[in-house]
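Q: Take a look at this one; I'll ask things after.
Readers should treat all values here as calculations from the given coordinates under stated rules, not as data from a laboratory. Quick caveat, the model's predicted, so the values are computed rather than measured. Cβ: placed from backbone, ideal geometry, glycine included. Neighbour counts: every protein chain shown.
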Amino acid sequence: MPTVRSRLSCAIFPLRRTLTGATAALALLAGASQASAATNITLGAVSWIGYGPIYVAAAKGFFTQHGLNVSLVNFNDNAAMPGAVYGGQVTAATLTYDQVIGSDAKGWDLKVVMPIDYSAGADAIVAADDITSVAQLKGLKVAYAPLSPSDFLLGYALKQAGLTKSDITSINVPADGVPGVIVGGSTKVGVTYDPSVSSIVQADGGKKFHVLFSSRQAPGLITDVLVMSPKFLKIDPAAVTDFIEAFVEGEAYMKANPADAEAIIGQALGESVADVKAQLAGVENPDLAAMPTVLAKSDRLPSFWVTGPVIGNLLKAEGQIQAVPPIAGTYDASFVDALAAAK
């Protein structure tokens, strides 16, 4: 976790993390090789600035070069994506780690194979300027999408301030609808992610709204991950490695050619290059050398062994799960470990 989905090579990418179901599976690459030898991967996703390496890898043909025919399945509701992976409707999906915790608490055995990005300010609680602390949210209406990263960030912020969801009035609004209800005056507070955060803060000359609390104050709490179906991991593990390698090449291209990469991402998200550049400051894509640290057992962020229990206990406290699943069962580190060791 925005509003517009990728228009990369005629593919349309909808919202980043909110909730409704898949639309059609569309080719992610214009002119991508359709050779019978290519491995087909259907990728469930929503629109999000942190997926820049995927957009770049697609546009530059890195997936094709690794023998992959990657197609996108658009989801208007990211809450439907874990079930789509579990049910085999898609090969893989870009989820947030809290979704993996929630799914595995049901016994779905979804496996993270790679961290994609950390939200570092791109997810935020935005409020009218007269609201200067999270404690002031008590008794107020707050607009956000339930069962989304916005919901999770809000719960974390409220807990830090000694509050719970029962202390506020929750208003169910999709992430891309939050700017409209705040700027329109229906509520004074909302939780969403960029570019919606930026659009609210910049509204009315930038003098009425501000970021009250963001993911920068909860480093590692919101991590986007690549999840593959357990069946696909067994059937074609080489394709998983190929996907990660293409992603890493996309990251490298972003670093070596920032102007071109920003233009590609802007086209994918329907955003200006200036907006893309600003939004990229709110996310961090770990490089290949850093990926194993996310999946390794550690008592330091951004390891899942730190964030997992925090996420799980918050979800349990919210009544969304009955028990926190074993953290070791939520990921398969073998792919990134092998690639990092080979470098």
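Q: Suppose R0 equals 30 Å. What FRET efficiency, 1/(1 + (r/R0)^6) with r the Cβ-Cβ distance, do residue 136 and residue 313 give to the nearest 0.05?
A: Between residue 136 and residue 313 the formula returns 0.75.
Q: Which entry is the computed Rg and Dmax of the Cα atoms in Å for this structure: (1) 19.0, 60; (2) 22.8, 80; (3) 21.4, 69?
A: (1)
Q: Would you work out the relative contact order for region 123-217, in percent, from Cα pairs under 8 angstrom that are 6 or more residues apart?
A: 46 percent
Q: Also, quick follow-up: If R0 is 35 Å, what FRET efficiency do you get for residue 289 and residue 160 from their C-beta distance, rounded to 0.05?
A: So, using R0 = 35 Å, E works out to roughly 0.65.
Q: Any chance you could tell me what percent of the C-alpha pair distances in region 123-217 go past 15 Å?
A: 51 percent
Q: Given the DSSP H assignment, sum -39500 (n - 2.57) over each helix run of at least 4 residues in the chain and divide by its residue total; what's the result at 222 nm in deg cm²/dmol, nearest 500?
A: -10500 deg cm²/dmol
Q: If the only charges are +1 at each Lys and Arg Cβ and -1 at each Asp and Glu Cβ, what is the size of the charge dipole of the chain around the Cα centre, to the nearest 20 debye?
A: Approximately 500 debye in magnitude.
Q: Structure shown: which of 231/297; 159/188; 207/277; 60/106; 60/277 lie over 27 Å apart, alpha-carbon to alpha-carbon?
A: Cα-Cα > 27 Å for 60/106; rest within.
Q: Return 249, 271 ranked ascending by Cβ neighbour count within 10 Å, so the fewest neighbours appear first.
A: Least to most surrounded, the residues fall as 249, 271.
Q: Also: If you count the DSSP beta bridges with both ends in region 123-217, what percent of them are antiparallel, to the nearest 5? Could the numbers behind the result be given before it?
A: Working: 10 of 16 bridges.
If we restrict to bridges inside region 123-217, about 60 percent are antiparallel.
Q: Right, something else. Once you put a point 7 Å from the Cα of residue 274 and another 7 Å from the Cα of residue 296, both along the Cβ direction, what distance in nm separates them?
A: With each label placed 7 Å out from Cα toward Cβ, I get 4.2 nm.
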